[in-house]
Amino acid sequence: MKPDNTLVDFCSNDYLGFARSSELKTLINEETNGFAAIKNGSAGSRLLSGNSTYTEETEQHITALHGCGAGLIFNSGYDANLGLFSSLPQRGDTIILDELAHASIIDGARLSFANRYTFKHNDLSNLEDKLKQAKGICYVGIESVYSMDGDTPPIREIAELAEKYNANLIIDEAHAVGLHGLGLVDKDLQDRVFARVVTFGKALGCHGAIVLGSDLLRQYLINFARSFIYTTALSPHAIASIKMAYQYLWQSANEIEKLKSNIQLFKQCVSNNRYLLINSDSAIQCILLNSNERAKKVAIELQNAGLDVRPILSPTVSAGSERIRICLHSFNTENEIIVLTDTINKLTNAE
């Protein structure tokens with residue numbers, strides 16, 4: 001589907017408006033203008049010509065902000081999860097993933113030689129059953145905000161189970177950063193989490209990702225994560241964008257509060273009684289419409305009303321859980337959200 005810039009954005013991951021921010025653009029330009037010399041591209045893998053002191057200093061800066069020991073920047077969240085889950089677990093080890101884990105996590109696990117299990121979404125009892133079956137070194141993979149449902153798992157309870165069975169917990173924070181500041185892995189949880197993946201292409205409005213963990217993990221990934229080794233590194237401009245996005249985040253308390261307010265307004269105004277609004281306190285709000293045709297029909301009607309809402313169809317989601325997926329933003333106005341919810345209520349209650 002072609003993008004239509006005339007529609008009101010209820011589709012993108014630009015939760016705080018960073019991708020469209022002229023203030024952030026100015027910060028990035030000021031940062032890059034301060035370079036004595038800047039290349040248009042990195043010109044190679046970071047193991048060859050693509051590394052720089054500036055990139056490593058930015059990694060260290062981000063790592064310190066997140067209160068972690070070390071970090072390694074990847075070109076995207078997909079690359080980060082693919083490299084982490086494919087290289088770390090070895091033959092005879094075990095990976096246990098929530099059944100709704102992102103495709104990049106699943107693909108990484110598939111590329112490993114480890115035993116793989118999934119547990120029912122957010123189901124602690126089912127997770128424990130799988131932990132009891134684990135062999136070798138065990139890794140548990142979850143998201144702190146799930147990309148398709150927008151809900152949050154019981155992170156502390158999962159961390160406790162991981163500790164009980166001596167498993168290593170890995171958390172993808174892609175959709176938590178921004179709305180929840182630096183994410184949902186707070187100071188009390190940091191030492192209980194083996195690794196975190198933080199992406200820069202959602203609320204931070206730029207591109208790339210970082211794997212946070214120990215220095216030993218960082219050195220391991222540099223040498224064994226193929227999605228890090230065999231690719232051209234991010235450009236200096238991209239690294240500067242990431243650094244400035246973090247700086248801009250500290251100035252964005254009003255945007256975060258506006259996003260929280262918009263989420264509450266949306267939830268209060270949806271009065272659909274026929275189709276399930278998935279329980280979510282995040283910027284991702286989904287209404288299950290249970291068929292591809294119905295999801296496409298409702299999305300088209302919303303677009304005809306000037307609202308950019310997209311259908312999520314099977315096989316992207318399982319058959320019977322087809323939906324419209326609404327992404328809320330700090331820049332959406334109260335009137336836009338009311339028009340959105342009024343239109344949704346009319347379409348879903350009319351059937």
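The values are calculated or read from the model by the stated rules, or taken from the named source; none is laboratory data. Everything quoted here is computed from the prediction, not taken from an experiment. We place every Cβ from the backbone using ideal geometry, glycine too, and count neighbours over all the protein chains shown. SASA here: full protein model, heavy atoms, side chains in, ligands and nucleic acids out. Shrake-Rupley method; radii C 1.70, N 1.55, O 1.52, S 1.80 Å.
Find all pairs meeting these conditions: Cβ atoms under 8 angstrom apart; at least six residues apart or on different chains; first residue within the range 335-351 and under 17 Å from R323 (Cα atoms) and at pLDDT 95 or above; second residue part of a helix (DSSP H, G or I) and among the acidic types (D, E). Pairs found: T343/E301. What pairs come up if the first residue lies in the range 209-230 and is open to solvent by less than 90 Å² (accessible area, probe 1.4 Å), the second is basic (K, R) and part of a helix (DSSP H, G or I), and their beta carbons are under 8 Å apart, counting only those six or more places apart or on different chains? Pairs that qualify, where the first residue is open to solvent by less than 90 Å² (accessible area, probe 1.4 Å) and the partner is basic (K, R) and part of a helix (DSSP H, G or I), are V211/R218.
Applying the selection to the range 11-27, what residues are open to solvent by less than 20 Å² (accessible area, probe 1.4 Å) and more than 17 Å from the chain's Cα centre (by Cα)? Answer for the range 11-27, where residues must be open to solvent by less than 20 Å² (accessible area, probe 1.4 Å) and more than 17 Å from the chain's Cα centre (by Cα): S21, L24.
Right, L302: open to solvent by less than 10 Å² (accessible area, probe 1.4 Å) and not in a loop (DSSP other than H, G, I, E, B) or not? Full working, then the answer.
On the way: open to solvent by less than 10 Å² (accessible area, probe 1.4 Å): yes; not in a loop (DSSP other than H, G, I, E, B): yes.
Spelling it out, L302 is indeed open to solvent by less than 10 Å² (accessible area, probe 1.4 Å) and not in a loop (DSSP other than H, G, I, E, B).
Checking I106 against (1) touching a residue at least 12 places away in the same chain (Cβ under 8 Å); (2) of a type outside the set (S, T, N, Q); (3) surrounded by fewer than 24 Cβ atoms within 10 Å (Cβ to Cβ), only one condition comes out false. Which one? All conditions pass for I106, except number (1). One residue stands out in the range 53-80 among those that are touching a helix residue (DSSP H, G or I) at 6+ places or on another chain (Cβ under 7 Å) and small (G, A, S): the one that is most open to solvent (accessible area, probe 1.4 Å), namely G69. Evaluate the following for Y78: is it outside any loop (DSSP other than H, G, I, E, B), more than 29 Å from G41 (Cβ to Cβ), aromatic (F, W, Y) and out of contact with any Phe, Trp or Tyr (no Cβ under 9 Å at 6 or more places or on another chain)? No: the conditions fail for Y78. Against the conditions (1) under 30 Å from E57 (Cβ atoms); (2) within 12 Å of the chain's Cα centre (by Cα), where does S214 fall short? Just the number, please. Condition not satisfied by S214: (2). The helices (runs of 4 or more DSSP H) found wholly in the range 84-177 and carrying at least 1 residues that are modelled with pLDDT of 95 or more and under 30 Å from I62 (Cα atoms) occupy 103-111, 155-164.
Just for the range 63-119: of the residues that are among the small types (G, A, S) and closer than 17 Å to G136 by Cα, which one is farthest from the chain's Cα centre (by Cα)? Among those that are among the small types (G, A, S) and closer than 17 Å to G136 by Cα, it is G92.
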